[in-house]
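J.: After the structure tokens below, expect a handful of questions from me.
The values are calculated or read from the model by the stated rules, or taken from the named source; none is laboratory data. As the structure is a computational prediction, the values presented were derived from the model and not from experiment. Cβ atoms come from the backbone with ideal geometry, glycine included; neighbour counts cover every protein chain shown.
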Amino acid sequence: MKKNKKKKGIGILLAGTILAWNLTAGVQGEDGLEKAREAYQAGQEILKWEKEGMGIKETDPLFQGDYLEAAGTSTADWIAFSVARMGLDEGMENYRNRLTDYVEEKYKTETKLSPNKATEWHRISLTLEALGTDPQDVGQSHINLIADGVYNRDKTTALDQQGVNGLIWGLIALDSGQYETPDDASAHREQLIERILEQRTEDGGFSVTGREGDVDLTAMALCALAPYQDSKQEFTVTNVNTGETTTEVLSETVEELKNWLASCQNESGTFTSSGVESLESTAQVIIALSVLGEDAAQEEAFYKDGKDLIEILLSYQMKDGGFCHDLEKKESDEMASQQALLAITAYCRAQSGMGSVFSFTDGGTEETLAEIYGREETQGIPAVAAIAAGVVIIVAAAVVVIKKRKGNKTEEWIEEE
């Protein structure tokens, strides 16, 4: 099967914007370095908690035995994704092989992966990509998850059958490797953007129901649109919820969504979703800001009650190393810990000049987070400074098991809607 090449078919305006997004990286000062190191260490505590729960020695790799049987589930895949993006070796080859086997086994069935949830294709595509496998050429069967799950999904099942999240994660997966869409594709990049914009809620956010905006899903939408934060391309769309026709400028939409999230923050600094001030909502906002290339700990609009977003996130960590879903029920939770680890990974990557956690075409430093933040003493990151200097030139020339907790607005919960 012929594979689609990358970095083509994006359009002049969108292509230049994505290039800038992939390479934009912040250089942290000593305060930022210390904050990122603290977050990184919290992530290591999550992995220790995971191992303890599975009866695995701290010095042994996480991905072995029973944990591998969870490959293909939302929580296990996102843990593997985050660990891979951190640059840690926790038996990644084991997980990649098991996940590949899972895909090939599922493709022998009539429905292949989920018959209703396109996000299963997207999540597995991102995870395999993080593990070093081309999602367009998976296994001995040469399965193309990007084609089947994104740009040709509408030929079998509507990409947005499960809601706007199918479109959101489809665009994230497509842009993760700047994959080309062929001429006969059922959905091209610009069409995905337009279909996402059509589903904004009346209050300016996004939700599965189409009514009131939801913090988690709006943050995910911001991740999908982040590569276009500098684009002046206009989209004239008719909103499916209100029937109103408007013209959306991508750069303005991104700023509006960021402001919308800031307006939803509680005075305590937390965010509420489904009536609960949850860790997951805070995590999703941190992921979105990090994918935008911003320092989530320095965003003044998100500084509340004397605390920044990273401090608020870490306040959910329990003594055993896991993270709780909400601060009233202080008990480590699998899904909350998975979301916290992804937020920590996204934040640390952004702080280290590595670009978006969802971009595999960034040109960032070759150092891993483990190499940068695992040191007892870090004397600055000269490689990042060099990258940042190069970014200015490039951008100027070119003018990102497992248990499911009821009520969590995570990707898996949303799939069930």
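J.: Of all helices (runs of 4 or more DSSP H) completely enclosed by region 165-273, which ones contain at least 3 residues that are small (Gly, Ala, Ser) and under 26 Å from Glu294 (Cβ atoms)?
T.: Fully inside region 165-273 and qualifying: 215-225, 250-263.
J.: For the subset of region 129-143 comprising residues that are aliphatic (A, V, I, L, M) and within 14 Å of Gly177 (Cβ to Cβ), which member is surrounded by the most Cβ atoms within 10 Å (Cβ to Cβ)?
T.: Filtering region 129-143 for residues that are aliphatic (A, V, I, L, M) and within 14 Å of Gly177 (Cβ to Cβ), the one surrounded by the most Cβ atoms within 10 Å (Cβ to Cβ) comes out as Ala130.
J.: Considering only residues that are part of a helix (DSSP H, G or I) and either within 21 Å of Lys329 (Cβ to Cβ) or modelled with pLDDT under 95 (or both), which ones fall in region 304-318?
T.: Selection gives Glu311, Ile312, Leu313, Leu314.
J.: When Gly139 is evaluated against the numbered criteria (1) at pLDDT 95 or above; (2) at negative phi, which criterion, by number, is the only one it fails?
T.: (2)
J.: Suppose the filter is of a type in the set (Gly, Ala, Ser) and either modelled with pLDDT of 95 or more or over 23 Å from Asp214 (Cβ atoms) (or both); does Gly132 pass it?
T.: yes
J.: Then there is this: Is it the case that some residue within region 178-188 is of a type in the set (Val, Ile, Thr) and within 18 Å of the chain's Cα centre (by Cα)?
T.: No, every residue in region 178-188 fails to be of a type in the set (Val, Ile, Thr) and within 18 Å of the chain's Cα centre (by Cα).
J.: Might you check whether a residue that is modelled with pLDDT of 95 or more, more than 16 Å from the chain's Cα centre (by Cα) and of a type in the set (Asp, Glu) occurs anywhere in region 110-122?
T.: no
J.: Looking only at region 320-355, count every residue that is hydroxyl-bearing (Ser, Thr, Tyr) and at pLDDT below 95 and tell me the total.
T.: 1
J.: Could I ask something else about it? In region 94-128, which residues are surrounded by fewer than 23 Cβ atoms within 10 Å (Cβ to Cβ), out of contact with any Leu (no Cβ under 8 Å at 6 or more places or on another chain) and in a helix (DSSP H, G or I)?
T.: Result: Asn97, Asp101, Tyr102, Glu104, Glu105.
J.: Considering only residues of region 245-286 that are within 24 Å of Phe235 (Cβ to Cβ) and among the β-branched types (Val, Ile, Thr), which is nearest to the chain's Cα centre (by Cα)?
T.: Per the criteria, the residue is Val254.
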